[in-house]
1. Test of understanding: among 205, 185, which residue is crowded, with 17+ Cβ neighbours inside 10 Å and outside the structural domain of residue 144 (by TED's automatic domain parsing)?
2. For residues that are outside any helix (DSSP H, G or I) and crowded, with 18+ Cβ neighbours inside 10 Å, tally how many sit in the range 147-162.
3. Using the structure shown, decide if residue 25 is surrounded by fewer than 21 Cβ atoms within 10 Å (Cβ to Cβ), touching a Leu at 6+ places or on another chain (Cβ under 7 Å) and within 26 Å of residue 180 (Cα to Cα).
4. One residue is enough: does the range 111-127 have a residue meeting the conditions of a type in the set (A, V, I, L, M), in contact with a Ser or Thr (Cβ under 6 Å, 6 or more places away or on another chain), in the same structural domain as residue 190 (by TED's automatic domain parsing) and touching a residue at least 12 places away in the same chain (Cβ under 8 Å)?
5. Return the total of residues in the range 14-35 being more than 23 Å from residue 121 (Cα to Cα), of a type outside the set (Val, Ile, Thr) and in a helix (DSSP H, G or I).
6. Going through the range 244-279 one residue at a time, which ones are surrounded by 15 or more Cβ atoms within 10 Å (Cβ to Cβ), hydrophobic (A, V, I, L, M, F, W, C) and either closer than 21 Å to residue 210 by Cβ or over 32 Å from the mean Cα position of the chain (by Cα) (or both)?
7. Could you tell me whether any residue of the range 33-41 is polar (S, T, N, Q), within 21 Å of residue 88 (Cα to Cα) and crowded, with 19+ Cβ neighbours inside 10 Å?
8. Collect the residues in the range 227-243 that are more than 20 Å from residue 211 (Cβ to Cβ) and under 34 Å from the mean Cα position of the chain (by Cα), keeping them in residue-number order.
Amino acid sequence: MRDLKEILKEKSFRFNKNLGQNFLTDTNLLRAIVSDSGLEEGETVVEIGTGAGTLTRALAEKAGKVISFEVDENLKPVLEETLSGLDNVEVIFGDVLKMSDKEIAAITGGEFRVVANIPYYITTGLIMRFVESGLPVKSITVMIQKEVAERLVAKENTGDYGAITMSVRMRGDAVITRKVSRTMFYPAPNVDSAVVRIDIDPHKFENEDKELCLKLVKAAFGMRRKTFNNNLSASFFISKETAARVISEAGFEPMIRGEAFSVEDIVKISRVLKKHLNN
C-alpha cells in the first residue's frame, strides 16, 4: 500500500476534528494489535471506526471476515484504495452505537471479536455497549486513552478504580497489552494511548441478578466521599439502619466505602439486599 499521507492528500481528505480522527500507520504496531486481540484464523471481527483502513487491512490478513463500521462517508475514496483487493472486508457506513443487538447479530451471524481504534469521546459508551450486550462477543480490544485504560484495570482502593472497572469485571477480565506513544498516529493526538483487551466470559456470575449488581456498582461510586451505607440507602430508598444491616450481614463494616469492594463483594451484597427488598 502507498504511503497513507500521500493517499489522503491525493483524495483531498480533510480531518474532522469532531470525530477525533487519528490514524495508525506503523505496520508493525498494526500487526501487534491484531496479535493482542487474540484473533484466530477464520474468525469474524467487528471493527469500530474503519478510519483510513490500515487496521482493517491488518485484521483482514488473519480474519475470516471483517465487518467494519465507519460514520465518515468522506473516507470512501480513501478506503477504495487502502482496502482494494480484499474480498473478506465489508465496510458499513453508519453508527454501530445506534444499532440494536438484533441488527448487529443479523450482520455478524455468530460469534465475533470487537477491535477498534476509536475516538476517545466514545470510549466508555462503546466498551459498555458490547460488554453489557447479549451478543456473542468473545473479546473487545480497543486502542484508548492511557488514563482510561488504567481505570479499566485498576485495583480496589485506588483513585482510578471506579464504576467502569467493576462493570467490565462483571462480564470479563481486562488487561493492558501495550502502551502506545502519541507519535504513532497521524495526526498525533494530545495524549498517549494504550491497547486494552477485555476477554468476555458469558458464564461469569450467570446465576446472579446482574441488573441489581450493576445498580449496586453505580451506588458504590455515586458519591465517592460518602460511605456505602449512605449511598445504598439513597439509591434503593431504604433506611440507613436497613442499609447497615445489609452491609453487616454480607460481612462488611457499615462505614466501608464503595471503592473498597471487589466485584465478588458486590455480588455478596446483592444476595443479601435482594432478601431484604423481597421482605
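1. Working: 185 fails: outside the structural domain of residue 144 (by TED's automatic domain parsing).
Criteria check complete, one pass: 205.
2. Taking the range 147-162 and keeping what is outside any helix (DSSP H, G or I), we get 153-162.
Filter again for crowded, with 18+ Cβ neighbours inside 10 Å, leaving 153-154, 161-162.
Of the residues in the range 147-162, 4 are outside any helix (DSSP H, G or I) and crowded, with 18+ Cβ neighbours inside 10 Å.
3. Details: surrounded by fewer than 21 Cβ atoms within 10 Å (Cβ to Cβ): yes; touching a Leu at 6+ places or on another chain (Cβ under 7 Å): yes; within 26 Å of residue 180 (Cα to Cα): yes.
The answer is yes for residue 25.
4. Kept after step one, since they are of a type in the set (A, V, I, L, M), are these residues of the range 111-127: 114-116, 118, 122, 126-127.
After this cut, where a residue has to be in contact with a Ser or Thr (Cβ under 6 Å, 6 or more places away or on another chain) as well, the list is 115.
From what is left, the residues that are in the same structural domain as residue 190 (by TED's automatic domain parsing) are 115.
Now restrict to residues that are touching a residue at least 12 places away in the same chain (Cβ under 8 Å): 115.
Yes, there is a match, as at least one residue in the range 111-127 is of a type in the set (A, V, I, L, M), in contact with a Ser or Thr (Cβ under 6 Å, 6 or more places away or on another chain), in the same structural domain as residue 190 (by TED's automatic domain parsing) and touching a residue at least 12 places away in the same chain (Cβ under 8 Å).
5. The number of residues fulfilling the criteria is 4.
6. Correct list: 244, 246, 247, 250, 252, 261, 263, 266, 267, 269, 272, 273.
7. Going through the range 33-41, the residues polar (S, T, N, Q) turn out to be 35, 37.
In the following step, the residues that additionally are within 21 Å of residue 88 (Cα to Cα) were identified as 35, 37.
Subset that is crowded, with 19+ Cβ neighbours inside 10 Å: 37.
Among the residues of the range 33-41, at least one is polar (S, T, N, Q), within 21 Å of residue 88 (Cα to Cα) and crowded, with 19+ Cβ neighbours inside 10 Å, which makes the answer yes.
8. Across the range 227-243, the qualifying residues are 227, 229, 230.
The values are calculated or read from the model by the stated rules, or taken from the named source; none is laboratory data. Here the structure is a predicted model, which is why all the values come from computation and not from measurement. Backbone-built Cβ (ideal geometry, glycine too); neighbour counts: all protein chains shown.
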